[in-house]
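Enquirer: Let me give you the structure first, and then I'll get to my questions.
The values are calculated or read from the model by the stated rules, or taken from the named source; none is laboratory data. Bear in mind that the values here come from a model prediction, so they are computed numbers and not experimental data. Note: ideal-geometry Cβ built from the backbone for every residue, glycine included; neighbour counts use all protein chains shown. Each accessible area value is taken on the protein alone, full model and side chains, heavy atoms only, with ligands, DNA and RNA left out. Shrake-Rupley method; radii C 1.70, N 1.55, O 1.52, S 1.80 Å.
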Amino acid sequence: MNLLALDTGTEFLSIALRTDEPHGSRVVEHQSAGGAKASTDLIAAVLQMLADAGVRLADLDAICFGSGPGSFTGLRTACSVVQGLAFGADVPVLPVDSLLAVAEDARFRAQPDAPMLQVTALLDARMDEMYAARYRFESGHWQTLSARALLRPEDWTATPADDAPHVVAGNVFAVYADRLSPASLQAAQVVPALPMAAAMLRLAPALLTQGLAVDAALAMPSYIRDKVAKTTAEREAEKAAVFAATAP
């Protein structure tokens with residue numbers, strides 16, 4: 001199975017290509033700065049990776065992308081690039097839950113041989129909030145235990161559903177270090193992780209078997225949050241609250 005995956009929903013640009021070869025599959029990766037540079041570097045990096053591997057777009061069985069949650073601009077960039085590549089080559093698109101990709105990235109980094117694992121995935125949503133979801137890995141398959149949600153760091157707690165080892169993974173630990181529940185963190189293995197393209201490649205075969213690939217024209221990001229920034233009134237209210245709390 002030949003698969004291309006990419007993610008631009010965080011501060012990093014991540015691309016990975018899996019190709020079938022006579023002696024097994026081969027995976028190559030590319031990582032670089034995300035943000036504004038992702039929109040200018042992404043297509044060139046993808047085409048160079050394909051050329052180096054001797055693979056045409058039409059040779060791909062699917063193109064995967066981190067569908068969210070994540071940066072609004074980053075998600076739109078990934079989706080639009082994937083749509084353009086897939087449409088011209090008549091290749092299906094596989095949207096991959098970015099939090100599930102975080103969970104898989106953490107599993108592979110921290111406990112690749114664990115038969116059972118619970119992973120709470122946390123991604124920085126900015127605006128003093130984070131995206132969260134909880135998954136269970138068993139016998140090579142992932143199951144969603146808690147659906148994706150948007151919440152403030154201090155409102156998050158982790159209560160393992162059973163005795164399986166528990167990992168808390170993501171990119172929030174430095175940003176919200178003083179606002180996350182110490183008890184929840186101490187009860188789990190903390191693993192910095194991101195929705196890496198290589199993790200999406202590992203998830204893709206099962207997701208394709210479930211029939212989750214779509215026509216390029218139907219691929220869509222999944223935002224969860226319905227606004228990009230706080231309103232002026234919200235910012236002024238926060239300033240007033242801080243002033244009232246610190247006034248003598």
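Enquirer: Sort out which residues of the stretch 12-28 are at pLDDT 90 or above, surrounded by fewer than 23 Cβ atoms within 10 Å (Cβ to Cβ) and farther than 19 Å from ALA213 by Cβ, and write them in order of number.
Expert: PHE12, ARG26, VAL27, VAL28
Enquirer: If you don't mind, there's one more thing I want to ask. Evaluate the following for ASP105: is it within 20 Å of GLY9 (Cα to Cα) and in contact (Cβ under 8 Å) with a residue 40 or more places away in the chain?
Expert: Yes, satisfied.
Enquirer: Of all residues in the stretch 41-72, how many are of a type outside the set (A, V, I, L, M, F, W, C) and either free of Cβ contacts under 8 Å to residues at least 24 places away in the same chain or in contact with a His (Cβ under 8 Å, 6 or more places away or on another chain) (or both)? Outline the logic, then answer.
Expert: Step one: of the stretch 41-72, the residues of a type outside the set (A, V, I, L, M, F, W, C) are 41, 48, 52, 54, 56, 59, 61, 66-71.
Subset that is either free of Cβ contacts under 8 Å to residues at least 24 places away in the same chain or in contact with a His (Cβ under 8 Å, 6 or more places away or on another chain) (or both): 48, 54.
Summing the residues that are of a type outside the set (A, V, I, L, M, F, W, C) and either free of Cβ contacts under 8 Å to residues at least 24 places away in the same chain or in contact with a His (Cβ under 8 Å, 6 or more places away or on another chain) (or both) in the stretch 41-72 gives 2.
Enquirer: Something else: Yes or no: ASP128 surrounded by fewer than 15 Cβ atoms within 10 Å (Cβ to Cβ), touching a Lys or Arg at 6+ places or on another chain (Cβ under 7 Å) and touching a residue at least 24 places away in the same chain (Cβ under 8 Å)?
Expert: For ASP128, the condition - surrounded by fewer than 15 Cβ atoms within 10 Å (Cβ to Cβ), touching a Lys or Arg at 6+ places or on another chain (Cβ under 7 Å) and touching a residue at least 24 places away in the same chain (Cβ under 8 Å) - is met.
Enquirer: Restricting attention to the stretch 29-70, and to residues there that are in a loop (DSSP other than H, G, I, E, B) and open to solvent by 50 Å² or more (accessible area, probe 1.4 Å), which single residue is nearest to LEU218 (Cα to Cα)? Steps first, please.
Expert: Just the residues of the stretch 29-70 that are in a loop (DSSP other than H, G, I, E, B), to begin with: 34-35, 54-56, 60-61, 69-70.
Filter once more, so that each one left must be open to solvent by 50 Å² or more (accessible area, probe 1.4 Å): 35, 54, 56, 61.
Working: GLY35: 25, GLY54: 28, ARG56: 22, ASP61: 17 Å.
Once the filter is applied, the top-ranked residue is ASP61.
Enquirer: May I ask you to list the residues in the stretch 146-158 that are out of contact with any Phe, Trp or Tyr (no Cβ under 6 Å at 6 or more places or on another chain), in contact (Cβ under 8 Å) with a residue 12 or more places away in the chain and farther than 16 Å from TYR223 by Cα?
Expert: Listed by number, the residues that qualify are SER146, ARG152, GLU154, TRP156, THR157, ALA158.
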